Protein chains: 2
Amino acid sequence: MSFSPLVEKLMESLRVLPGVGPKTAQRMALHLLERDRDGGRRLTEVLGTALERVGYCERCRTLTEEPLCTLCASARRDDSVLCVVESPADQLAIEEAGGYRGRYFVLHGHLSPLDGIGPEDIGLDQLETRVAEDGVEEVILATNPTVEGEATAHYIAAQLETHGVRLSRLAYGVPMGGELEYVDGGTLTRAFSGRLPFRGE
Amino acid sequence: MSFSPLVEKLMESLRVLPGVGPKTAQRMALHLLERDRDGGRRLTEVLGTALERVGYCERCRTLTEEPLCTLCASARRDDSVLCVVESPADQLAIEEAGGYRGRYFVLHGHLSPLDGIGPEDIGLDQLETRVAEDGVEEVILATNPTVEGEATAHYIAAQLETHGVRLSRLAYGVPMGGELEYVDGGTLTRAFSGRLPFRGE
């Protein structure tokens, strides 16, 4: 026995959501059908509208339903610094940490030749034009500290070399509030080689 | 900073799904918008159709888009036994265990006076009619072994008393494959008081 075809199809469709396996999909489908049809209907509408209207910001490529995102539209940011991130979630994390006042550029992924994701797919042609034309003085390569993120940062660095901009990468080291015991070897090695004079702040 | 209004609204809407908090909703929204718009569109369609068309089976109240579910429509089930469960998921679990060949009745919940859920909300009037008219000889009360499930079973038992049907409840005891060490006291007590003659099968 299984559920009716339409209920089964709903469970199947819910599995497009990340981290949702068969059991969770079943729980979600039954919850929506048995307990929260209004919420389900609202989700259908909002998801439909969002998929139709949310696109990329013309300047930084972050997700937005406007031509320009609020951050790009703001006059109060420093145009001379450009921070390149892999996703809008990374951008949000940096904004929430506070302190950074420059602009952003969102790749929506990283280079991955095996998956057929090349420079154009992550907007590197647009990034180069922006750096060439918009008076950018420093590009902070804030891609993820993973093999793919590193490779992408290296590729961008090589691409932008001729444009005479300063290139930087986020510092590596032990995370604040963590315990050394649980920090992996690669990070510890980086933290040692990048050690700073003690200033007793 | 936050995401654009429409993206924020999508995150909010995704939180109707059970077990989805702000962080998971964010991950889901970005996944759909950045990586799987086709899957998202399919989800919108299927969810919309399911919410519109899936209703309750006229006989057993399980979820189905047909007037009768396949189980009720089947001629090969035993009409004299009726198993009352709280949800379609419970029904599926019993069917997957195999062995039961009777019919079902799905409550979609349990009695909960504090939440305003009374007998009619879980179809108990329909259950009584069915028992009175359909030649049911035994009703198996397979509501959950929780306080609410027990209370609901007791209520149904009292309601059906005058109809001269046999009433039974699932056996309580230690779960198969478990270790006694980790079984809770209430279950152990029930398993002792319900102990059976050893037959060395």
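A short reminder: the numbers here are calculations on the coordinates, not readings from a lab. In this text the structure is predicted, and so the values were computed from the model without any measurement. So basically every Cβ, Gly included, is an ideal-geometry build from the backbone, and we count neighbours across all protein chains shown.
Which FRET efficiency value, to the nearest 0.05, do you get for A:T162 and B:R53 by plugging their Cβ-Cβ distance into 1/(1 + (r/R0)^6) with R0 = 51 Å? My answer for the efficiency is 0.30. For B:D115, project a label point 7 Å along Cα to C-beta. Then give me every residue of the range B:133-156 with its amide nitrogen under 16 Å of that point. Correct set: B:143-153.
Placing a label point 7 Å from Cα along the Cα-to-Cβ direction at B:R42 gives distances to the equivalent points in the other copies of 2.7 nm, listed shortest first. Straight Cα distances below 18 angstrom link A:K9 to the lysines A:K23, with same-chain residues fewer than 8 positions distant left out. A convex hull fitted around the alpha carbon atoms of the range B:16-139 yields 152 Å³ per residue. Shielding by partners for peptide B:172-181, expressed as the average number of C-beta atoms from other protein chains within 10 Å of each residue's C-beta, is 0. Taking other C-beta atoms within 10 Å as the exposure proxy, B:S13, A:S2 rank A:S2, B:S13 from fewest upward.
Annotation for B:R42 and A:D38: the two label points, set 7 Å from Cα along the Cα-Cβ direction, are 3.1 nm apart. Rounded to whole numbers, the Karplus 3J(HN,Hα) couplings from phi for the range B:60-76 are 10, 6, 6, 6, 6, 8, 9, x, 10, 6, 4, 5, 6, 6, 5, 8, 8 Hz, using 6.51 cos²θ - 1.76 cosθ + 1.60 with θ = phi - 60°, and x at Gly and Pro. Counting, for every residue in A:29-38, the Cβ atoms of other protein chains within 10 Å of its Cβ and taking the mean gives 6.
The HN-Hα couplings worked out from phi for the range A:142-153 by the Karplus form 6.51 cos²θ - 1.76 cosθ + 1.60 (θ = phi - 60°) are 9, 6, 4, x, 10, 4, 5, x, 4, 4, 5, 4 Hz, whole numbers, x standing for Gly and Pro. Extending 7 Å from Cα along the Cβ direction at A:V174 and again at B:F198 yields two label points whose distance is 5.8 nm. What the Cβ-Cβ distance of A:Y182 and A:A89 gives, at R0 = 25 Å and to the nearest 0.05, is a FRET efficiency of 0.55. Listed peptides A:159-165, B:113-119 appear in the order A:159-165, B:113-119 once ranked by packing, highest mean of other Cβ atoms within 10 Å at the front. Neighbour counts of other Cβ atoms within 10 Å put A:M176, B:M11 in the fewest-to-most order A:M176, B:M11.
In this structure the amide hydrogen of A:Y56, modeled in the peptide plane, comes within under 5 Å of the amide hydrogens of A:T64, none closer than 5 places in sequence on its chain. Just the number, please: percent antiparallel of the DSSP beta bridges in the range A:57-201, rounded to the nearest 5. Around 5 percent of the beta bridges assigned by DSSP in the range A:57-201 are antiparallel ones. This ranking places A:F105, B:F192, B:F3 by how few other beta-carbon atoms lie within 10 Å of each, fewest first, which gives B:F192, B:F3, A:F105.
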